[in-house]
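The values are calculated or read from the model by the stated rules, or taken from the named source; none is laboratory data. Note that the coordinates shown come from a computational prediction; the quantities given were computed from them, not determined experimentally. Cβ: placed from backbone, ideal geometry, glycine included. Neighbour counts: every protein chain shown.
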Amino acid sequence: MSRRRGRWQHGAGLPTSSPLLGRKDSAFRVQRLGRRDRPVTELPSVGRRVLILAGVAVLVFSVLLFRLWFLQILSGQQYVAAANDNRLRSVKLEARRGLIMDREGKILVTNKPSLVVGIRPMDVPQDDLAGVIVELSSVLRMPPGEVLARALRSMEIPTERLADLVAEVARGSGEATGAVLKAALPSVYVAEEDRADVTAQLSETLSVSEEKVAGWVEKAVHKRTGYAYDLAIIKKGISKRLAIDLRERAPSLPGVEVRKGFERGYPQGTLAAHLLGTVGQITAEQLEEDTWRRRRSGDVIGQGGVEYTYDEWLRGTDGTAKVEVDSLGRPKKTVPGGELPQTGDSLVLTIDQRIQKAAEQALVRALEQAHREDFWSANGGAAVVMDAANGEIIALASYPTFEPGVWSGGISDEEHDKYFTASANKPFFDRAIQASYPAASTFKVVDAIAALESGVITPYTTFPCEGDFTTHGLTWKCWVHPDGHGRLDLTGAIAQSCDVYFYNIGLAFYGRKGTELADWSRRLGLGKKTGIDVPGEIEGLVPTPEWRRERFADSSDPTDVLWKPGNSVNLAIGQGDLGVTPLQMAVTYAAIANGGQIVTPHAGLRVVDASGQTVQELRAPEPRRSGASQQSIKVVQAALRQAAASPVGTSVGVFGGYPVAVCGKTGTGEVFGKDDYAWYASFAPQQPAEGEKQYVVVVLIEEGGHGGSTAAPAARLIYDALFDLQSGDFSGAPTD
Amino acid sequence: MDLRELLRRLDWVLLLATLGLLTYGVLMVYAATELDVPGDPWHWAFRQLIYAGVGLAVMVVLAVLDYERLRRWQWALYGFALASIALVFVLGPITRGSRRWIPLGFFDFQPSQLAIFVICVAMAAFLVDRLDARDSWRLTLVALGYVLLPAALVFLEPDLGTATVIGVLGLGLLFFFGTDWKHLVAIAAAVIVVAVMVLQVLPMLGLQVLNDYQIDRLTVFMDKSVDPASAGYNVRQAMIAVGSGGFSGRGDLATQTQLAFLPEHHTDFIFAVVGERWGFAGAVGLLVLYALFLWRALRAATLARDMYGSVMAGGIATVFLYQLLVNMGMALGIMPVTGIPLPFLSYGGAAMITNLMLVGLLQSIHIRGSEAFAVRARVALE
């Protein structure tokens, strides 16, 4: 109080007017207000309530302080970690795959820089996504459903949103709703327990039948691995022109990015496409498989051929980059602490690209020859060249073939048409290991060994051939020589491919009951996988009475389950239910060439690192004994030599006078409703000198007619390449 | 009263606390938003500075003005508050599902914020004019209706946060008016019953008073395991921001803010920015400024010349304390998520100007109180 007064007196030398005025004024007001209001001092309750609120304030501040202390001092470190978790993201740096070379070191598969188009769904305004996808699909010439699928890869998306997107994309592109949905669903994540609901909802919203939708939803991804801020790759390997086009359209394509990457390059074009296989992003089904349990969605893996088998070696080790991202997942900058990717090791194959080329050309030449001989349907074939001693594949060819790079970054409509029309004749189908054919006369070597080993015949047993063979009221012709071969021993029968001789053997086996012929077929490598290191191989079929019982258990004709004499007779000439792959035939002929050893065919030779040092030798299993005696083998070898070289031999027109001692058997397989399938199964030289290699060459031409006129000349072209010979025109011998 | 006396009677501590908070606020808005507008780091902070300038001007006017004059306009002011809020429903554009502003071209006028000031002035007058009926239930009920009418309108915008601020303001005014404890306890009980009904019972009966998102936000702080991608996300990010600040803050490494993990970083969650950048030290410094501010507000209530000023000052203190608790508590994960800004810190012109108007009122109360004190002292002496 005194302090205030003191101040007043001090106050700037206006002792009279102002305070007086103020006082008068204020005194008046206090009086005046007294009527309506009461001074605070007269209300003791105010002080108490102020104290109470002050107490509340102290309490509130204490709580806030305590909480701050708890969060910042006590748990600070934990929250720093959480903040770093937020901002730092590991981005996968895909390792480059290793190279693939032939046995001489010629590069068959390499990596080439490519431009990649991707989309970050997060960066696309929600209402624009459908429009962006439609535009992208027209620019990239990809089906809109496919683009949508890639953009949504393994993302979780609310069902209504998916339905809207599909409907909008379909509307925008003129595509059928069902087609878009079908293409999109396999890459969307749908939790197992939601599938029924999602199906019902999609089917209702998009008015597509529930049955269909259910089937497509089945294929949806089971594991959520994609996120909206990831760059989803739409297409790899786009052209520069397209990249520029995309940049120009950037304003209407938000979230779409073009960046540099690598893709597989094939300096030899289509060479050995089936054997090499392709690479591609892992599929939803593969993600479920045990083989790929270490892979994530979006990983690129070998999708066939040796790329598949040796994926672990080739793929290298993906690196990571630590990237700081904002709350929308957009990368801001790279921070230290990542790991560089390590390029995969290179794979050296047993293939010799020169021979592979020759084999592929030989198939083309053989087909041309078949067309010249009016076998117009001829449009496919396979050739196998293998080291008879150890099963190393020197060449493995299948026709028609394809560009191995076709799958990387989505197949275009034109490519799709090119590869999937009927006239394209299934180019992705590897006829050397995935197709089974009647072995026809090439099977006679199996008959011979089985009959010799079982004691059905001796090498000197003869049968007369009068052009046909009758048993149990049925008659079979000798297809090669309708007038009859006369009396032949085993060597003559093989050399001249006399069917009647082998009908007799078949009948004899029938008489012995049991499954000796089938057993020997299997011992010699037929009816089971050869074990080649290329995926997709089939088993083929060697029929037995037991198989017949199972196969025809449900047949309306009760006699179908019975093994009849005709079955034995047909089997003896490699017809009927017998089915073999060209590769199996190569294994059988290798056994005859190498003295009865069953080799495991393989295409991988070794794995080398970037400096060329061997990391791993790829050893196939040791050859197994087939159990055939050397004596029998020698007899068959000699007979095969006769077939190729003696004046009456079936392929003498091709190999008579050939500088290398080729032993080979023609075959003409009959397939109901088709032209004959031409075979030539062979090996050379007959007796390899010390250190010399012995090769098996098997050629099959689908609907190529006689083995001697198309397949055998093709084989000769391959031998020319193997032995550095030039043996003249493509000419065949019109006999079988 | 001449300028010299005015300056002498001004509450300088309150003024310095206010200026301190404003400075802190502008710096924080700058820190929170320097990367938001590429090439223009001052974009938001500059605007905040302008709002603060305008607010300070209005504050000065109100401080100089005798608040008694406002009392005469109480009904006009109350009517204006109701009308302007109602006008939002007609003229307001829908932003994020609600109508809260009236666009005036140069400025988005937010009536619900201004209503805080207006109702403080009008309702305090309404109550003090009926001092003789203070102990009657009837007055308490009428007063409740008086404040719930604008609060309900704001709630319908919908703006749950500001509606509760208006409600709390009403309670604060009643409290400092000296309403009977029994009445206050009954009101508290009623608030609890209504909250339980709205959040739990009625939804079960199929009657949704609040939107789902509002219920989610109100309950999210009770359940820490909520999906990080939904309602709990903001709170979780705010807690990470505050927690990672540690004792001294992360300074320029404040990634939660800079990389936009922290949502609403310059508005509702600015306290998390304080916590991340300047750490415990910075947050406590801010709390000290607020404590200073509240102390002066409560002191003004005791120094007031008359009942009217006292009740207003108490109401203002209550409103600020409530906003501090709810806003900071939200950033610290102990309070529901409501869009209540942090006074003087959160970016926003309407709240900034309203808050400075309330400060102007406090200054006016202080000046008149101090003057009356001196006058009474002289009168007593004479």
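Worth a mention:
- Selection status of B:ALA63, touching a Gly at 6+ places or on another chain (Cβ under 9 Å) and closer than 16 Å to B:MET357 by Cα: yes
- For region B:14-56, the set of residues classified as polar (S, T, N, Q) and buried (at least 19 other Cβ atoms within 10 Å of the Cβ) consists of B:THR18, B:THR33, B:GLN48, listed by residue number.
- Selection status of B:ARG277, of a type in the set (Lys, Arg), facing chain A (nearest Cβ under 10 Å) and touching a residue at least 12 places away in the same chain (Cβ under 8 Å): no
- Some residue of region B:198-208 being at pLDDT below 85, under 23 Å from B:LEU148 (Cβ atoms) and among the polar types (S, T, N, Q): yes
- The single condition from (1) of a type in the set (Lys, Arg); (2) surrounded by fewer than 18 Cβ atoms within 10 Å (Cβ to Cβ); (3) assigned to a helix (DSSP H, G or I); (4) at pLDDT 50 or above that A:ARG49 fails is (2).
Here's the yes/no breakdown for (1) under 24 Å from the mean Cα position of the chain (by Cα); (2) within 13 Å of chain B (Cβ to nearest Cβ); (3) not aliphatic (A, V, I, L, M):
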residue: A:GLN72; (1), (2), (3): no, yes, yes
residue: A:GLY76; (1), (2), (3): no, yes, yes
residue: A:ALA82; (1), (2), (3): no, yes, no
residue: A:LEU93; (1), (2), (3): yes, no, no
residue: A:GLY131; (1), (2), (3): no, no, yes
residue: A:VAL134; (1), (2), (3): no, no, no
residue: A:GLU160; (1), (2), (3): no, no, yes
residue: A:VAL169; (1), (2), (3): no, no, no
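- Selection of region B:331-382 for residues being within 14 Å of chain A (Cβ to nearest Cβ), closer than 25 Å to B:SER98 by Cβ and touching a Lys or Arg at 6+ places or on another chain (Cβ under 9 Å) yields only B:GLY333.
- The lone exception for A:ARG365 - which of (1) out of contact with any Phe, Trp or Tyr (no Cβ under 7 Å at 6 or more places or on another chain); (2) surrounded by fewer than 24 Cβ atoms within 10 Å (Cβ to Cβ); (3) within 17 Å of A:PRO713 (Cβ to Cβ) it fails: (1)
- Of everything in region B:253-284 that is in contact with a helix residue (DSSP H, G or I) (Cβ under 7 Å, 6 or more places away or on another chain) and among the small types (Gly, Ala, Ser), the residue that is modelled with the lowest pLDDT is B:ALA254.
- Filter pass, A:GLU285 being of a type in the set (Asp, Glu), in the same structural domain as A:TYR189 (by TED's automatic domain parsing) and within 15 Å of the chain's Cα centre (by Cα): yes
- Where B:ARG130 falls short, out of the listed (1) modelled with pLDDT of 85 or more; (2) away from every other protein chain (no Cβ under 14 Å): (2)
The rows are residues; the columns are (1) within 18 Å of B:PRO341 (Cβ to Cβ); (2) among the small types (Gly, Ala, Ser); (3) in a helix (DSSP H, G or I).
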position: B:ILE116; (1), (2), (3): yes, no, yes
position: B:ALA124; (1), (2), (3): no, yes, yes
position: B:THR162; (1), (2), (3): yes, no, yes
position: B:PHE176; (1), (2), (3): no, no, yes
position: B:HIS183; (1), (2), (3): no, no, yes
position: B:VAL196; (1), (2), (3): no, no, yes
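- Single condition B:LEU321 does not satisfy, out of (1) under 25 Å from B:PRO41 (Cα atoms); (2) free of Cβ contacts under 8 Å to residues at least 60 places away in the same chain: (1)
- Evaluation of B:VAL142 against (1) at pLDDT 90 or above; (2) within 14 Å of another protein chain (Cβ to nearest Cβ); (3) over 23 Å from the mean Cα position of the chain (by Cα) (one fails), failing number: (2)
- Test: residue in region A:545-562 that is under 29 Å from A:ALA638 (Cα atoms) and not in a helix (DSSP H, G or I): no
- Here the helices (runs of 4 or more DSSP H) wholly within region A:409-525 that include at least 3 residues being in contact (Cβ under 8 Å) with a residue 60 or more places away in the chain are A:444-454, A:490-496, A:499-511, A:516-523.
- Matching residues, region B:155-191, being closer than 20 Å to B:MET328 by Cβ and hydroxyl-bearing (Ser, Thr, Tyr): B:THR162, B:THR164
- Residue match in region B:32-51 (condition: of a type in the set (D, E, K, R) and more than 30 Å from B:THR257 (Cα to Cα)): no
- Verdict on B:ARG296 being more than 23 Å from B:TRP12 (Cα to Cα) and either of a type in the set (Lys, Arg) or assigned to a loop (DSSP other than H, G, I, E, B) (or both): no
Okay, residues lined up against (1) modelled with pLDDT of 95 or more; (2) assigned to a helix (DSSP H, G or I); (3) not hydrophobic (A, V, I, L, M, F, W, C):
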site	(1), (2), (3)
B:GLU5	no, yes, yes
B:LEU15	yes, yes, no
B:GLY20	yes, yes, yes
B:LEU56	yes, yes, no
B:SER84	no, yes, yes
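- Contact map, region B:1-21: residues that are within 14 Å of another protein chain (Cβ to nearest Cβ) and farther than 14 Å from B:LEU294 by Cα paired with residues that are at pLDDT below 90 and not in a helix (DSSP H, G or I), Cβ distance under 8 Å, separation 6+ or inter-chain. Pairs shown: B:ARG9/B:MET1.
- Members of region B:244-261 that are within 15 Å of B:ASP36 (Cα to Cα), facing chain A (nearest Cβ under 8 Å) and either of a type in the set (A, V, I, L, M) or part of a loop (DSSP other than H, G, I, E, B) (or both): B:LEU259, B:ALA260, B:PHE261
- Across region A:319-378, the qualifying residues are those that are closer than 30 Å to A:MET101 by Cβ and β-branched (Val, Ile, Thr), and the one among them that is nearest to the other protein chains (Cβ to nearest Cβ) is A:THR320.
- Flag for B:ALA380 being under 17 Å from B:PHE293 (Cβ atoms) and either part of a helix (DSSP H, G or I) or touching a Pro at 6+ places or on another chain (Cβ under 6 Å) (or both): no
- For region B:285-306, the criterion of being farther than 30 Å from B:VAL121 by Cβ, at pLDDT 95 or above and more than 8 Å from every other protein chain (Cβ to nearest Cβ) is satisfied by at least one residue.
- Per-region count, region A:73-100, residues assigned to a strand (DSSP E or B) and crowded, with 22+ Cβ neighbours inside 10 Å: 1
- Of all residues in region A:322-345, at least one satisfies being within 26 Å of the chain's Cα centre (by Cα) and crowded, with 22+ Cβ neighbours inside 10 Å.
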